[in-house]
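These notes are about the structure you will find just below.
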Amino acid sequence: MKESINKSTCGFVAVCLFMAGCQTTKNIESNAMKPVPESFANTKDPTNSAMIDWRQFFSDSALIDLIDTALKNNLDVLMTFQKIEIARAELKMRKGALLPEISGGGSVSQRRFGLYTMDGAGNRATEITPGRMVPDDLPDYYIGLQTTWEMDIWGKLRNKKKAAFARYLGSIEGKNIVLTNLISEIAIAYYELLSLDTELEIIRETTKLQENALSMVTIQKQVAAANELAVQQFDAQLQHSRALGVKTLQGITESENRINYLLGRFPQPIIRKKSILPKEIPAQVKVGIPSDLLENRPDIKQAEFELMATKADVTSAKKAFYPSFNITGAMGFQAFNTSYLFRSPESIAYTAIGSLAVPIINRSAIQAQFKTAQAKQLEALYNYQKTIINGYIEVYNEMNNIKNLEQAYNLTTKKVAALTQSIEISSELFKTGRANYLEVLITQQNALQSKLELVNTKQQQFNASVNIYKALGGGWR
């Protein structure tokens, strides 16, 4: 009867412990995800240029060589590989936590029990070996194995492993983000460098025209066909163009060094073709459907993996309220004298302890961890939604940018052609006295600005093609 009561009591206590552990805060209600639009501006073509390898997307061999060098030497890329190693080590640690921990060791101790204690009084009447009583000072030698193991009954440790695995996958996507950004940065810097080369060429050609115009007006002044004001105006325009050329040279140096920095090397000349105007814009980019972004953009995939990790963190934090079951044990050889230490089975010693523990009072620390995990899960959810919306808007903006830049380039080309022709006309009219020097100056200045504008528009077209390729998730494959 008494044994039955004890069993009932133990069962009641176990149930109470379990119920106390299960009384946790309710799970958060995650907001419904906003549906992704079915198309970009009513485009229905499912073809997606993000699937194109970047070596095929870019046709310039010099640019491809620069990107190849950067992928091997860029310091940000090398740092991301170390972040992957850190995440892999964390995953390995979480896997190891599911298994028993076994360690080996030994100990040497000297014990003396008080005479008026249970052990001391018992030892005085006990033989440690035949004919020999237990000494007051008793040595103790031990060598063996120890183990500890938390049995993952509720899945707390397994969910920590899931979170670590999701973050490991997220670290790989983080590397892909760096690769995509690096490729686009190098391409944009390269096209900027070509644009500056072209601008410098235009400025130098314009400077030659202005030098000729200055010589002509100087001669006219000598024969009283022009005055000193005209000479000074032409000379001022010439000096302005020369100063613009010096600034452009500085821009070329900075652009070259920007590329060198991305390539992880010190300043050196960048091998390249010297003009951007003859270069063809990459073929029209196919945007596919918006849902492709979920698979192609590494930043969206990284945000998704972080969301998965935080969900596992919440589950693991919730399981911390449940009872935990731990097993500890040791097995080895133990004796009071080293000569007896390895005698079997007399010197074999072992212990095995199973313990059940559940937090009942003062669980504020566990509750705080659980609430923190919930807040981080919501934060990850919002970040995931934000990343998707941002990706869609980037693609949408660049689609319109490409279309508008094409129109702007065509109009500016016509403007340049008209102003280039007007330079010849104004110069001939000035020679014959049918146009004043201000008309010549204005025509030359407008022609220079329009040519520089044309170069800038061509650069923006290249940048837009790079940006939409990046926005679609291209470049990391």
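The values are calculated or read from the model by the stated rules, or taken from the named source; none is laboratory data. On a predicted model such as this, the values are computed, not experimentally measured, just so you know. Neighbour counts run over all protein chains shown; Cβ positions are idealised from the backbone, glycine included. Side chains included, ligands, DNA and RNA excluded: accessible areas come from the protein's heavy atoms. Shrake-Rupley method; radii C 1.70, N 1.55, O 1.52, S 1.80 Å.
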Subset of the stretch 318-335 (residues that are among the hydrophobic types (A, V, I, L, M, F, W, C) and either surrounded by fewer than 18 Cβ atoms within 10 Å (Cβ to Cβ) or in contact with an Asp or Glu (Cβ under 6 Å, 6 or more places away or on another chain) (or both)): Phe325, Ile327, Met331
I'd like to know if the stretch 435-448 contains one or more residues that are surrounded by 18 or more Cβ atoms within 10 Å (Cβ to Cβ), closer than 20 Å to Leu238 by Cβ, of a type in the set (S, T, N, Q) and in contact with an Asp or Glu (Cβ under 9 Å, 6 or more places away or on another chain). no
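Yes or no, residue by residue, for (1) farther than 30 Å from Asp140 by Cα; (2) modelled with pLDDT of 95 or more:
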residue: Ala283; (1), (2): yes, no
residue: Leu341; (1), (2): no, no
residue: Ala365; (1), (2): yes, no
residue: Ala375; (1), (2): yes, yes
residue: Ala380; (1), (2): yes, yes
Among the residues that make up the stretch 327-341, is at least one of them part of a loop (DSSP other than H, G, I, E, B), within 30 Å of Ser61 (Cα to Cα) and of a type in the set (A, V, I, L, M, F, W, C)? no
If you take the residues in the stretch 216-226 that are surrounded by 13 or more Cβ atoms within 10 Å (Cβ to Cβ) and not hydrophobic (A, V, I, L, M, F, W, C), which one is nearest to Gln449 (Cα to Cα)? Thr218
Candidate set from the stretch 391-405 (those that are surrounded by 15 or more Cβ atoms within 10 Å (Cβ to Cβ) and not β-branched (Val, Ile, Thr)); member that is farthest from the chain's Cα centre (by Cα): Leu405
Go through the residues of the stretch 84-104 one by one and say whether even a single one is among the hydroxyl-bearing types (Ser, Thr, Tyr) and closer than 23 Å to Gly329 by Cβ. yes
Hits in the stretch 61-86 - residues which are of a type in the set (D, E, K, R) and closer than 21 Å to Ala471 by Cβ: Asp76
Picking from Lys156, Lys162, the residue that is open to solvent by 70 Å² or more (accessible area, probe 1.4 Å) and in contact (Cβ under 8 Å) with a residue 12 or more places away in the chain would be Lys162
Is it fair to say Lys273 is surrounded by fewer than 16 Cβ atoms within 10 Å (Cβ to Cβ), touching a residue at least 60 places away in the same chain (Cβ under 8 Å), among the charged types (D, E, K, R) and under 30 Å from Lys458 (Cα atoms)? yes
Output for Cβ contacts, cut-off 6 Å, separation at least six or different chains, first residue open to solvent by 50 Å² or more (accessible area, probe 1.4 Å) in the stretch 347-369, second modelled with pLDDT under 90, reads Ile360/Ala20
What residue, of Met93, Met79, Met33, is at negative phi, in a loop (DSSP other than H, G, I, E, B) and out of contact with any Ser or Thr (no Cβ under 6 Å at 6 or more places or on another chain)? Met33
Within the stretch 206-224, residues within 22 Å of Ser422 (Cα to Cα) and of a type outside the set (Val, Ile, Thr) come out as Lys208, Leu209, Gln210, Glu211, Asn212, Ala213, Leu214, Ser215, Met216, Gln220
Among all residue pairs at least 6 apart or on different chains, which show Cβ distances below 7 Å where the first residue, located in the stretch 277-291, is in a helix (DSSP H, G or I) and the second is among the aromatic types (Phe, Trp, Tyr) and open to solvent by less than 80 Å² (accessible area, probe 1.4 Å)? Pro290/Phe40; Pro290/Tyr392
Would you point out the residue of the stretch 94-149, among those that are surrounded by 11 or more Cβ atoms within 10 Å (Cβ to Cβ) and of a type in the set (Asp, Glu), that is nearest to Lys162 (Cα to Cα)? Glu101
Being in a loop (DSSP other than H, G, I, E, B), surrounded by fewer than 19 Cβ atoms within 10 Å (Cβ to Cβ), at pLDDT 95 or above and among the polar types (S, T, N, Q) narrows Gln268, Gln239 down to just Gln268
What pairs can you find where one residue is in the stretch 187-206 and open to solvent by 20 Å² or more (accessible area, probe 1.4 Å), the other is part of a helix (DSSP H, G or I) and among the aromatic types (Phe, Trp, Tyr), and their Cβ atoms are less than 8 Å apart, with a gap of 6+ or different chains? Ile188/Phe462
I'd like the full set of residues that are in contact with a Ser or Thr (Cβ under 6 Å, 6 or more places away or on another chain) and not in a helix (DSSP H, G or I), limited to the stretch 429-471. Ala435
Return the residues of the stretch 151-194 that are assigned to a helix (DSSP H, G or I), within 30 Å of Asn326 (Cβ to Cβ) and touching a Phe, Trp or Tyr at 6+ places or on another chain (Cβ under 8 Å); say none if nothing qualifies. Lys156, Ala166, Arg167
Could you tell me whether any residue of the stretch 175-197 is over 30 Å from Gly391 (Cβ atoms) and of a type in the set (S, T, N, Q)? no
Can we say Thr315 is β-branched (Val, Ile, Thr), assigned to a helix (DSSP H, G or I) and loosely packed, with under 15 Cβ neighbours inside 10 Å? no
